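A short worksheet on the structure shown next.
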Amino acid sequence: MSKKKNSRLVAAEIVFQWLEDQSFPDRQLAKLKDDHAFILEVVNGVVRNREIFQWLESKWLKNEPQLFYRAVLWVGLYQLLFMDKVEEYAAINETVNAAKGRPEGSGPVKMINAVLRRAQREKAGILKDLENQPVHIRLSHPKFLMDRWAINYGEEDAADLAKWNNEPPATILRIEQSTVDAAEFIDKLREADIEPLMHPYSDKEIFLILPRGVGVRKVPGYTEGWFTVQDPATSVSVDLLAPRPGETVLDACAAPGGKTAMIAGRMDGRGELVAMDMHDDRIDVLKENQKRLKLDWIEIVKGDARKALSVFGDRKFDAILLDVPCLNTGVLKRRADARWRIDQERMESIVDLQRAILTACSKLLKEKGRIVYSTCSLEPEENEDLVAKWIRDNPDFRLVKTGKAFPPDSGTDGAFAALLRKK
């Protein structure tokens, strides 16, 4: 029987990989078998608090540590400063052990040990000093983002948004009411000792907040397709699209398929619904959810939304949902690593991509057809500004209505959607 690997070392290796090549930690976390909850919290906590750990390094260390040892150090600092239920001696000893046995020798190990013991002694002072730091350090967000949000939303709302992003994300289920009665589903949850909380955003759809620590695949009705894992903010775009039975509808950037399933429910299984995505792994997720939710009547198509005409030819649609790739600034609570990949250059390139997708897919509409452009971002350049400029350049369309969810106010992920209709 193989010896169980040091959980701090596993966490540090994932953080090291992220520091080295910015690879998504969630892909590594999904492969874990042991101590999943602990490693998940540590890795996400380290990623979220990067700015704080860099601030501490600048105060305490003369030289930057090599990336692996930086990862180990941050794993230890997160436990000591932010995890109250972890024994301090275990946090220090096991983390120091994770740094041992490498060719660099004892120097980095001694450094980690010294820094962690200092953090243990000075914890109260560190946290007090942190409260007096600039907001981007105190709330660990890129200064670029905090400055933008202060201009766009005001300093108070910008700080509230950053605080929201730093809270653990909830797992939220949308009841698939075409498959199961909502009251029956809730009864089944309670029979399994799962007490759900109704999300206050619920309207046409019913969303439930799952208690922490409950695995989604263990929830009653998973294999029967009684629910999807989905934030209520996803309904902003679908409500604007208002798909109806008998229509031809395209979900042009569909994976993982939550909005597709919501559209299918509104269409009551009548009409044509096409779900498109361009990547094989995302197509696989679409097919998996299609099978689980028993939505065999949905057509799944592989294709690039920028080349929509070459994918569909003369085929036209009554309604198109266009949930475009974006900077994800509305979902930074769920994607802690995304905050560190946002800069002006990336923003400009993503806006070009969004505009190209909107232009291409708009050509697939029937006369008087409608298209909903949506993002899970909060940046005006991707949302209101892009739509306004596109409408000016495409006078055969008019803007009908917009919808938005701002996380601290809505209690949901962030979202923007605009309903555009062909004249």
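The values are calculated or read from the model by the stated rules, or taken from the named source; none is laboratory data. It should be emphasised that the depicted structure is a prediction, and the values quoted were computed from it without experimental measurement. We place every Cβ from the backbone using ideal geometry, glycine too, and count neighbours over all the protein chains shown.
With respect to residue 282, determine if the residue is farther than 23 Å from residue 403 by Cα and surrounded by 15 or more Cβ atoms within 10 Å (Cβ to Cβ).
yes
Would you pick out the residues in the stretch 118-142 that are over 22 Å from residue 91 (Cβ atoms) and surrounded by 16 or more Cβ atoms within 10 Å (Cβ to Cβ)?
Those that are over 22 Å from residue 91 (Cβ atoms) and surrounded by 16 or more Cβ atoms within 10 Å (Cβ to Cβ): 135, 136, 137, 138, 139, 141, 142.
For the stretch 213-231, state whether one or more residues are more than 26 Å from residue 30 (Cα to Cα) and among the polar types (S, T, N, Q).
No, the stretch 213-231 contains no residue that is more than 26 Å from residue 30 (Cα to Cα) and among the polar types (S, T, N, Q).
All but one of (1) outside the structural domain of residue 213 (by TED's automatic domain parsing); (2) more than 27 Å from the chain's Cα centre (by Cα) hold for residue 145; state the number of the condition that does not hold.
Status for residue 145: all satisfied but (2).
What number of residues within the stretch 293-326 satisfy the criterion of being among the basic types (Lys, Arg) and modelled with pLDDT under 95?
Residues in the stretch 293-326 being among the basic types (Lys, Arg) and modelled with pLDDT under 95: 1 in total.
Taking the condition part of a helix (DSSP H, G or I), acidic (Asp, Glu) and in contact (Cβ under 8 Å) with a residue 40 or more places away in the chain, does residue 57 pass? If you could, list the steps in order and put the result at the bottom.
Values: part of a helix (DSSP H, G or I): yes; acidic (Asp, Glu): yes; in contact (Cβ under 8 Å) with a residue 40 or more places away in the chain: no.
For residue 57, the condition - part of a helix (DSSP H, G or I), acidic (Asp, Glu) and in contact (Cβ under 8 Å) with a residue 40 or more places away in the chain - is not met.
If you take the residues of the stretch 29-54 that are assigned to a helix (DSSP H, G or I) and among the small types (Gly, Ala, Ser), which of them is surrounded by the fewest Cβ atoms within 10 Å (Cβ to Cβ)?
37
What number of residues within the stretch 143-183 satisfy the criterion of being surrounded by fewer than 18 Cβ atoms within 10 Å (Cβ to Cβ) and aliphatic (A, V, I, L, M)?
So the count comes out to 5.
Among the numbered criteria (1) crowded, with 23+ Cβ neighbours inside 10 Å; (2) over 21 Å from residue 374 (Cβ atoms), which one does residue 292 miss?
The number of the failed condition is (1).
Kindly list the number of the only condition in (1) of a type in the set (A, V, I, L, M); (2) more than 15 Å from residue 6 (Cα to Cα); (3) under 27 Å from the mean Cα position of the chain (by Cα) that fails for residue 61.
(3)
I need the full set of residues from the stretch 401-423 which are among the hydroxyl-bearing types (Ser, Thr, Tyr) and part of a loop (DSSP other than H, G, I, E, B), in order please.
412, the sole residue that qualifies.
Between 141, 136, which is part of a loop (DSSP other than H, G, I, E, B) and either touching a residue at least 12 places away in the same chain (Cβ under 8 Å) or basic (Lys, Arg) (or both)?
Being part of a loop (DSSP other than H, G, I, E, B) and either touching a residue at least 12 places away in the same chain (Cβ under 8 Å) or basic (Lys, Arg) (or both) holds for just one of 141, 136, which is 141.
So in the stretch 331-382, with the set limited to residues that are of a type in the set (Val, Ile, Thr) and within 18 Å of residue 417 (Cα to Cα), which one is surrounded by the fewest Cβ atoms within 10 Å (Cβ to Cβ)? Please lay out each step first, then the result.
Our first condition is that a residue be of a type in the set (Val, Ile, Thr); within the stretch 331-382, this holds for 331, 342, 350-351, 357, 359, 371-372, 375.
Cutting the leftovers down to within 18 Å of residue 417 (Cα to Cα) gives us 331, 350-351, 357, 359, 371-372, 375.
Numbers: 331: 22, 350: 21, 351: 19, 357: 22, 359: 14, 371: 23, 372: 26, 375: 26.
By that ranking, first place goes to 359.
Given the options 117, 212, 174, name the one that is closer than 21 Å to residue 265 by Cβ and among the charged types (D, E, K, R).
It is 174.
Given the condition among the acidic types (Asp, Glu), more than 19 Å from residue 140 (Cβ to Cβ) and at pLDDT below 90, answer yes or no: does some residue in the stretch 3-19 qualify?
No, the conditions are met nowhere in the stretch 3-19.
Within the stretch 316-373, can you find the residues that are touching a helix residue (DSSP H, G or I) at 6+ places or on another chain (Cβ under 9 Å), farther than 18 Å from residue 263 by Cβ and among the acidic types (Asp, Glu)?
337, 343
Show the residue pairs that are 6+ apart or on different chains and have beta-carbon atoms under 7 Å apart, the first residue being within the stretch 326-344 and without any contact (Cβ under 8 Å) to a residue 24 or more places away in the chain and of a type in the set (A, V, I, L, M, F, W, C), the second being buried (at least 20 other Cβ atoms within 10 Å of the Cβ) and part of a helix (DSSP H, G or I).
Final answer for the pair search is none.
Select, from 398, 315, the only residue that is assigned to a loop (DSSP other than H, G, I, E, B), surrounded by fewer than 16 Cβ atoms within 10 Å (Cβ to Cβ) and not aromatic (Phe, Trp, Tyr). Walk me through how you get there before you give the answer.
Details: 398 fails: assigned to a loop (DSSP other than H, G, I, E, B).
Exactly one of 398, 315 is assigned to a loop (DSSP other than H, G, I, E, B), surrounded by fewer than 16 Cβ atoms within 10 Å (Cβ to Cβ) and not aromatic (Phe, Trp, Tyr), namely 315.
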